[in-house]
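Accompanying notes for the structure given below.
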Amino acid sequence: MEITAYILLGVALTLIAAYLANRFMSFTAQTPNDYAGWGPDFDIRTHLRGPILCEGVIYGPTGRVTSRFTADFDARWEGDKGVLTEVFTYDSGARRSRVWYLEVDANGAITAEAPDVVGKGRGTQKGAGVQLTYDIRLPEESGGHVLRATDWMYLVGDGVIINRSQFRKYGIKVAELVATMRPREAETSVGSKRDAA
């Protein structure tokens, strides 16, 4: 009986430690207020505007890269309402597109809708960070599952944005995405400087 009690205590302590690590020391433990003092301030109406080049990788549940992609984005804003068009090209040759309808209120709260998003996405921009959560439905050829997505974008300078996203099913991480986004104009001017050198 004593051994059983020790085993149960060990299991309970392991579960508590895992919960605390996930709650306070993981990707999901971040809050927008963590970045409130960072600068420059990230405003999606300014920094997600016009043509944008995106390049990234997708990790599967084992942590290995399962896919690489490049994407062309184009974001247009009228006041606090924007439309972000995304066209992805994957290393498999597959192409996918998505159109986001975005709105930002006076407090920096973001509402986001897209055809493959179930309901509305909600987010916040504070300091150099933007956070967005939403439920996304995978294409039928990928099983049609609905995953909980958490996107974090960080403004790192010269208009470059680092995006890290995690996708979960029943609270378990099944995929992660890491990507960079940069204005197409900045890419052209950097390329021109290299050519001139």
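The values are calculated or read from the model by the stated rules, or taken from the named source; none is laboratory data. None of these values were measured; they are calculated from a predicted model. Virtual Cβ from ideal backbone geometry, glycine too; neighbours counted across all protein chains shown. Just so you know, the surface numbers come from the protein's heavy atoms only, side chains and all, with ligands and any DNA or RNA stripped out. Shrake-Rupley method; radii C 1.70, N 1.55, O 1.52, S 1.80 Å.
Kindly state which strands (runs of 3 or more DSSP E) lie completely within segment 105-151 and contain at least 1 residues that are closer than 14 Å to Phe167 by Cα. It would help to see each step written out before you state the result.
Working: elements: 109-113, 117-126, 129-137.
Where strands (runs of 3 or more DSSP E) fall fully within segment 105-151 and carry at least 1 residues being closer than 14 Å to Phe167 by Cα, they are 117-126, 129-137.
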Subset tally (residues that are open to solvent by 10 Å² or more (accessible area, probe 1.4 Å), touching a Ser or Thr at 6+ places or on another chain (Cβ under 7 Å) and not aliphatic (A, V, I, L, M)) for segment 109-122: 2
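With the requirement that a residue be outside any strand (DSSP E or B) and in contact with a Cys (Cβ under 7 Å, 6 or more places away or on another chain), what does segment 152-188 give you?
First, the residues of segment 152-188 that are outside any strand (DSSP E or B): 158-159, 170-171, 184-188.
Hits for segment 152-188: nothing passes.
Of these, Leu20, Leu53, Leu84, Leu48, which one is over 22 Å from Ile136 (Cβ atoms), surrounded by 11 or more Cβ atoms within 10 Å (Cβ to Cβ), at pLDDT 80 or above and not acidic (Asp, Glu)?
On the way: Leu20 fails: at pLDDT 80 or above; Leu84 fails: over 22 Å from Ile136 (Cβ atoms); Leu48 fails: over 22 Å from Ile136 (Cβ atoms).
Of the residues listed, the single one that is over 22 Å from Ile136 (Cβ atoms), surrounded by 11 or more Cβ atoms within 10 Å (Cβ to Cβ), at pLDDT 80 or above and not acidic (Asp, Glu) is Leu53.
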Can you find a residue that is surrounded by 12 or more Cβ atoms within 10 Å (Cβ to Cβ), under 19 Å from Met153 (Cα atoms) and either at pLDDT 95 or above or in contact with a strand residue (DSSP E or B) (Cβ under 9 Å, 6 or more places away or on another chain) (or both) anywhere in segment 60-67? no
